[in-house]
Amino acid sequence: MIIGAPTEHPDPDATALHVGYRDKVLAVEPGGNEPIPLAARHGRPRGLFWTWTAPNLEFATIFVGIISVLYFGLSFWQAVAAMALGNLLGAIAHFLLSAEGPLHGVPQMVLGRLAFGYRGNILPATFMAVMCGVGWFATNSVSGAFALSTLFGLTPLTALVVIVVLQTAFAFFGHNLVQRFERLAAPVLAIVFVIGAVIIFSKSDVAAPAADGGFSLGGFLLTVGAAFGYTAGWTPYAADYTRYLPPTVSKVQTGLFASAGLFASCTFLMVVGAASVTIGDPVSENPTEAFTANLPSAIADLTLLAIAVGAVAANAINVYSGAMAFVTMGFTLPVGLQRALVTVFFGVVGFAVAWWALADAAASYEAFLLLVAYWIGPWLGVVFADRLLRRDPPPLTLLYDTGYRNRGGVVAFVIALAGSLLLFCNQEKFVGFVVRAVPELGDIGAFVGFVVAFVGYLILARDRVARSQQMYR
């Protein structure tokens with residue numbers, strides 16, 4: 001077999017299911033984490049721009065900008081620089097991972113088996129399933145619930161039920177419906193938020209100084225970390241939404257459209273959020289109500305509706321890919337519905353977590369953003385180091401070989417994660433030992449974790465990668 005050549009699906013029954021699903025939208029996507037057969041491939045890279053624009057046109061993105069000024073003490077322009085830097089780093093990672101999806105047509109967590117081994121990959125897949133499939137699901141559900149509650153006068157719990165049911169339904173049907181919904185929602189959401197942004201900026205005082213009148217390196221780095229945690233939080237999903245593309249599409253276009261949609265939408269709404277804080281003190285403890293209070297009533301209502309729709313757009317992706325990661329961990333379920341069944345499970349668990357987080361959404365969100373970044377940094381370090389060591393793309397058989405081991409990836413990941421948390425974590429409940437001594441560092445745990453994991457993998461796994469490349473030729 002030629003290394004890197006697209007491989008047909010090994011299971012004829014599963015192949016028939018995927019081919020039958022190919023262009024259908026209102027149909028449940030079959031299967032789980034198996035490769036997409038060539039006959040079922042479809043789509044163009046440009047559609048990825050909308051796929052990664054819509055899920056970020058929501059209040060969770062706005063709130064990163066709000067906390068950068070309100071909690072981290074930056075001026076507007078300091079916040080803009082920090083958020084743009086964090087988003088750029090996340091978008092670059094998303095570019096590289098998205099571009100790999102069409103080659104073999106497998107989910108991102110399956111590709112992760114290269115760096116961690118078949119069994120070892122259960123560790124990062126668990127992090128993704130819990131932190132992203134449940135954590136992000138709950139976080140965005142809360143903002144959507146607050147928006148619906150404010151708009152229609154519902155109790156937050158009732159609004160939460162409505163949001164969860166909608167987004168779980170989209171994810172249950174799977175890839176094609178999720179992609180279609182994002183494509184339809186993105187332009188509408190963009191128009192509403194652009195109108196709101198014009199009004200916000202007309203009232204804002206972007207020249208206002210920082211809270212302490214100067215520059216806070218700690219606040220700047222916290223904001224970079226929070227923005228990176230938000231944007232890079234999508235990277236473990238990247239290939240999930242490019243694996244249906246034909247293997248002949250341009251890798252550059254695939255990565256560029258995906259990362260451009262991500263960077264543009266995140267940076268735009270984060271900047272709007274930062275500007276909104278310069279208008280004045282919040283008028284409500286409900287974060288979505290406080291934000292829309294700066295808008296005329298008609299535009300405020302449209303923005304609240306857009307926030308709710310944006311939460312659904314984000315969580316359709318979150319719960320879909322969270323379920324994909326769960327399936328990748330090796331659980332055996334009925335082939336035709338394994339991903340769909342797990343989606344329902346994540347919807348239920350995500351609802352429970354969101355219900356708990358309703359009481360203190362602001363504190364929960366700030367902590368969660370940085371927690372996501374803590375594991376994403378080391379994971380990206382291991383994955384990119386593995387790609388650097390493999391001069392040729394690996395064959396498909398390596399990704400599904402249950403006997404394949406790569407302990408170097410697991411060890412590098414654990415050391416980097418534990419070390420960055422113990423030394424550089426900056427949370428309310430725990431501050432790392434280095435940050436205690438040098439508070440000006442803010443929170444650079446994710447970036448330290450990336451470097452340590454990257455270097456550690458190059459040292460620990462070089463020989464194993466070389467042997468696997470020879471063994472699976």
**Prompt:** Expressed as a whole percentage, what fraction of the accessible surface of the range 90-146 belongs to carbon and sulfur atoms when a 1.4 Å probe is rolled over the protein heavy atoms?
**Reply:** 81
**Item:** Area of THR278 that stays accessible when all protein chains are in place (1.4 Å probe, Å², to 10)
**Value:** 30
**Asked** With every protein chain left in place, what is the accessible area of ASP463 in Å² (1.4 Å probe, nearest 10)?
**Response** 110
**Request:** Keeping all protein chains in position, work out how much accessible area LEU460 exposes to a 1.4 Å probe, and write it in Å² to the nearest 10.
**Result:** 90
**Request:** Summarise the accessible area of the range 394-437 (1.4 Å probe, protein heavy atoms) by the percent that is carbon and sulfur.
**Result:** 67
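When the solvent-accessible surface of protein heavy atoms is calculated with a 1.4 angstrom probe, in what order do TYR374, TYR400 fall, highest first?
TYR400, TYR374
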**Message:** Loop only by DSSP, 15 or fewer other Cβ within 10 Å of the Cβ. Give me the chymotrypsin sites (Phe, Trp or Tyr not before Pro) in the range 176-268 that pass, ordered by residue number.
**Reply:** PHE215
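With the other protein chains left in place, how much accessible area per residue, in square angstrom, belongs to the range 379-448 at a 1.4 angstrom probe?
In whole numbers, the range 379-448 has 46 Å² accessible per residue.
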**Message:** Please list THR288, THR248 from largest to smallest accessible area, probe radius 1.4 Å, with all protein chains kept in place.
**Reply:** THR248, THR288
**Asked** How far is the Cα center of the range 375-402 from the Cα center of the range 203-218, in Å?
**Response** 42
**Prompt:** Around PHE257, with a cut-off of 10 angstrom between Cβ atoms, what is the net charge of the other residues, counting Lys and Arg +1 and Asp and Glu -1?
**Reply:** +2
**Prompt:** Within the range 395-435, what residues put their amide N at less than 14 Å from the label point 7 Å along the Cα-to-Cβ vector of THR126?
**Reply:** 410-411, 414
**Request:** For the range 79-187, report the accessible area per residue in Å² (1.4 Å probe, heavy atoms, rounded to an integer).
**Result:** 28
**Asked** Once both labels are modelled 7 Å past Cα along the beta-carbon direction, what's the LEU388-ARG462 spacing in nm?
**Response** 1.1
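The values are calculated or read from the model by the stated rules, or taken from the named source; none is laboratory data. This one's a predicted model, so the numbers in the text were calculated from it and none came from an experiment. Here the Cβ is made from the backbone with ideal geometry for all residues, glycine too, and neighbour counts use every protein chain on show. These area figures cover heavy atoms from the full protein model, side chains too; ligands, DNA and RNA do not enter into them. Shrake-Rupley method; radii C 1.70, N 1.55, O 1.52, S 1.80 Å.
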